[in-house]
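Step one of this worksheet: look at the structure below.
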Amino acid sequence: MSEDLVMSIGADALRTTIYLAGPLLVTAMLIGIVVSILQAVTQINESTLTFIPKVVGIILVLVVMAPWMVEVMSNYTEQVIITAGQIRPE
């Protein structure tokens, strides 16, 4: 197995991870910012107030984006298996 192949598989793994985690992280961040602004405006200092909106937001994003996420994971897995099948032992 060449160094280029290992670097390519590693880069693809990181890229796929970012693609899959990105929408969830952005959703949680945006909801956190909105709730923080509302807390600052209303002067409610409750640290657990952001938990439920974040959970609901992430579940909604998962429901909407699940088909795309499964497709991305399937494509990556297929590519890794095809690449592994082409490797010849030295």
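Observations, loosely collected:
- Residues that are assigned to a helix (DSSP H, G or I) and over 19 Å from V72 (Cα atoms) within segment 1-19 comprise E3, D4, L5, V6, M7, listed in sequence order.
- Taking first residues from segment 65-90 that are at pLDDT below 95 and surrounded by 10 or more Cβ atoms within 10 Å (Cβ to Cβ) and partners that are of a type in the set (A, V, I, L, M, F, W, C) and not in a helix (DSSP H, G or I), the Cβ contacts under 6 Å between residues at least 6 apart in sequence or on separate chains come to I87/M1.
- Annotation note: Cβ proximity below 7 Å between a residue of segment 15-32 that is free of Cβ contacts under 8 Å to residues at least 24 places away in the same chain and a residue that is surrounded by 11 or more Cβ atoms within 10 Å (Cβ to Cβ) and among the polar types (S, T, N, Q) (sequence gap 6+ or interchain) occurs for G32/T50.
- Residue tally, condition in a helix (DSSP H, G or I) and either more than 29 Å from Y76 (Cβ to Cβ) or among the small types (G, A, S) (or both), over segment 20-62: 22
- Scanning segment 35-90 for residues that are of a type in the set (S, T, Y) and over 19 Å from D4 (Cα atoms) yields S36, T42, S47, T48, T50, S74.
The values are calculated or read from the model by the stated rules, or taken from the named source; none is laboratory data. None of these values were measured; they are calculated from a predicted model. Heads up, the Cβs are rebuilt from the backbone with ideal geometry, glycines too, and the neighbour counts pull from every protein chain shown.
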